[in-house]
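To start, the structure under review is shown below, and the notes come after it.
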Amino acid sequence: MLEPLKKALTESGIRYTIYDEVVANPTVLNVELARERYLQNGCEALIGFGGGSSIDCAKAVGARIARPKKPIPKMRGILKVLKPIPFLIAVPTTAGTGSETTLATVITDDKNAYKFPINDFPLIPKVAVLDPEVTRSLPQNMTATTGMDALTHAIEAYLGRSTTRQTRADALEAVRLIGENLEKAYSDGSDMAARANMLRAAFLAGGAFSKSYVGYCHAVAHSLGGQYHIAHGLANAVLLPYVLEAYGPAIGKKAKDIAIAMHIADAATPAAAALGLLIGEIRRMNRSMGIPEKLPGIRPSDIPKLAAYADKEANPLYPVPVLMNRQELQQFYFDVMEEQP
C-alpha cells in the first residue's frame with residue numbers, strides 16, 4: 001500500500017524515513033520511538049498513513065516535536081499543546097476514525113494501561129487525502145468496526161448539547177452515507193463508490209465531533225482499549241446500543257432525526273418508537289457484519305477503576321444528553337462483558 005506514496009516522494013526529490021511499528025492503540029513508547037526517528041533523520045514534516053492509530057501517533061509525534069520538554073501524559077486534556085506542530089498530512093486507509101480532520105489524538109500510557117485523549121487545534125492535519133483506493137484491501141472486520149466507529153462519532157456528536165447547525169447537518173449526512181454504504185463496502189470491498197462515500201462519512205463525522213464532542217460511549221471505549229487493547233471501533237460498535245438505551249427518552253427527538261437519516265423512520269414515527277428502531281438497526285448492522293454483542297476479557301474487579309477513568313474523561317468535558325456518575329457508568333461494562341464461567 002505504501003509503494004505509490006514512496007514512488008511519488010522519490011520522484012519529487014523528497015527524502016523520507018518510515019516508522020511502521022504503531023500498534024492498534026498507539027502507546028507513549030510508539031510516539032517516542034517515532035519522534036527519535038524524525039529527529040535522527042532531520043525530518044521537517046509528517047505523513048500519517050494508515051488507520052486512526054497511525055494518524056493519532058503522527059499527531060502525538062508532532063506534539064512532542066512542538067513541545068520537546070513536555071511528556072505526552074502531561075498533554076492529556078484540552079489545550080496543552082498550544083504550539084504549531086510540523087506540517088502534517090493524513091492519509092486514512094480506514095473509513096471510520098475521522099482522525100484526519102479532528103483536533104484529537106488518543107494515546108495509551110503503556111506503563112499504566114490507561115488510554116487518554118489530547119485535544120488541541122494544532123493537531124488538526126493541514127491536509128487530508130481521501131483516496132478510496134487505499135481502503136480497497138481493508139479486511140471485512142476492519143471495514144465493519146471502523147465504519148461503526150464513524151457512525152458512533154456522528155450519533156454522539158448529534159446527540160450532545162453543544163452542537164451547531166453545521167455539526168448537526170454534517171452528522172446527519174454522515175449517518176445517511178453510512179446507512180447507505182457501510183454494508184455495501186463490507187460485502188464488496190472493491191465497491192469504490194461505497195468506499196469513497198464511507199471516507200466522506202468518516203470525514204464529516206470527525207469534523208462534527210471535533211467541534212461538538214462525543215459522549216459516554218467513547219469514554220467507556222477508551223478505558224477498555226487502554227486496559228485490554230480492545231480495538232476502539234469494536235468497543236464503540238458493541239457499546240453504542242446500550243448507551244442509547246441508557247439515555248432513553250432524553251434523546252427521543254434527536255434519535256428520530258437520526259433514524260430518518262438512516263431511512264428506518266419517517267416524520268410520522270413517534271420519537272420513542274424511532275429510538276427503538278435506531279437501537280434495533282444498530283444491532284442488526286452489527287450482526288450482519290459479524291460484530292459480537294459482548295466483549296471478551298473484561299474482569300469485574302477492573303470495572304470500578306475503568307469507570308473512574310471514563311468518568312474523569314467525560315465529566316465535565318463531554319456535553320452528554322444525560323449526566324452519569326462513575327457508579328452509573330459501571331453498568332456499561334457489565335452490559336458488554338461476556339458471561340463469567
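Every number in this text was worked out from the coordinates using simple rules, so none of it is lab data. Nothing here was measured: the structure is a model prediction, and the numbers come from that model. Neighbour counts are summed over all protein chains in view; Cβ atoms, including those assigned to glycine, are modelled from backbone coordinates with ideal geometry.
Summary of computed values
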quantity	calculated
Contact order normalised by residue count of region 130-245, Cα under 8 Å, 6+ apart, percent	36 percent
Proxy reagent accessibility, fewest Cβ within 10 Å first, across Phe334, Phe203	Phe334, Phe203
For Arg195, net neighbour charge (Lys/Arg +1, Asp/Glu -1) across residues whose Cβ lies under 14 Å away	-3
Of Lys211/Lys254; Lys74/Lys312; Lys111/Lys312; Lys80/Lys253; Lys111/Lys211, those spanning more than 25 Å from alpha-carbon to alpha-carbon	Lys80/Lys253; Lys111/Lys211
Order of Glu36, Glu156 - criterion: other Cβ atoms within 10 Å of each residue's Cβ, fewest first	Glu36, Glu156
Calculated FRET efficiency for the pair Ser301/Lys74, C-beta based, R₀ 30 Å, to 0.05	0.55
Residues in region 52-86 reached by a label modelled at Glu32 [backbone nitrogen below 18 Å; 7 Å Cα→Cβ]	57-76
Relative contact order (percent, whole number), region 1-139, Cα cutoff 8 Å, 6+ residue spacing	24 percent
Fewest-first ranking of His263, His232, His153, using other Cβ atoms within 10 Å as the exposure measure	His263, His232, His153
Distance between modelled label sites at Ala193 and Arg287, nm, 7 Å Cα→Cβ extension	2.9 nm
